Amino acid sequence: MKRLALFSVFALFAASCLGSDFEASLQGDWQLTSGTVNGEEIPLIDSHPITIRFEDGQVGGTASCNSYGGMYELSGATLRLSDLAMTEMACSPPETMTAESLFATGLTQVDHVAVNEGELTLTGEETELLFTMLEPVPEAELTNTVWVLDGLITGDAVSSVGGERATLEFFTDGSVLGGTGCRGFSGHYTVAGAEVVITDLAADGSECAADLSDQDSHVISALEGTFRIDIQGNRLTTSSAGDEGLSYLADA
């Protein structure tokens, strides 16, 4: 009887460790690579990726256009999502909103999760969502570099930059400084996996001249809140949940 009881305790301990290891493998940022909901394939749009993040009981990400968030619970490989909420912006092209609608429906149906060698699969009634893990932002390259703005991104289009030299700098103390081409700004940032969150963003001075007003608004809007960052060599590109992004080159 004692040996049986001891074995039972060991089995429960092993199951607990297995559950902890499984949940640990789930943590991080993932990008949708394919998905089918109610027999319809989710269109994938390069400029509007669909992502999901699992972190300490919270789930969130970008649903092609809008940001979403909620809570999750795990019991073995059984997954329960709850309290899901989403922002309500409109994006183009029209396929963006189609992708978002299908993905949002799929999230309400998933009830099973599997993780295998950098791939995540969420399944449920009439739903299968496949993701690959996103690499976290390389903070060593992000910080202590002067990034110089050279392009304003709207959807698939990139427009030129005017005005004064506009820069962006991330510091290891969590502060951020930069400029829009006519005003300076400052704030604080945190890195969450493949995303950066800027808070307390404040611009200096008064409104910009008419020819730089749109650029000023674009830069502030693209950096305020949560956005994705991609660093390739000496180029940094940001992308938000909507259509706006920014392109920077590292100062030589």
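What follows draws every value from the coordinates through simple rules; no lab data is involved. Predicted model only: the values in this text are computed from it and were never measured. Because the Cβ atoms are built from the backbone with ideal geometry, glycine has one as well, and the counts that use them run over all protein chains shown.
Here are a few things to note about the model shown:
- Sites Ser213 and Glu55 - FRET efficiency at Förster radius 30 Å, r taken between beta-carbons, to 0.05: 0.20
- Label-point separation, Asp156 to Thr108 (7 Å along Cα→Cβ), nm: 3.1
- Counting neighbouring beta carbons within 10 Å and listing from fewest to most, the residues Arg165, Arg235 come out as Arg165, Arg235.
- Remark: the Arg235-Glu141 segment gains 32.8 nm on full extension, using 0.36 nm per residue and subtracting the alpha carbon distance.
- Cα-based convex hull volume of segment 2-133 per residue, rounded to whole Å³: 102
- Using the rule -39500 (n - 2.57) for each DSSP H run of four or more residues, divided by the residues of the chain, the 222 nm mean residue ellipticity is -7500 deg cm²/dmol.
- Contact order relative to length of segment 145-252, as percent, for alpha carbon pairs under 8 angstrom and 6 or more apart: 28
- Rg ratio (alpha-carbon, reference 2.2 N^0.38 Å) - segment 162-208: 1.22
- Contour minus Cα-Cα distance for Thr33 and Ala77 (0.36 nm per residue): 13.8 nm
- In terms of overall dimensions, the C-alpha atoms belonging to segment 133-182 reach 29, 28, 12 Å along their principal axes, ordered largest to smallest.
- Taking all C-alpha pairs of the chain, those more than 31 Å from each other amount to 34 percent.
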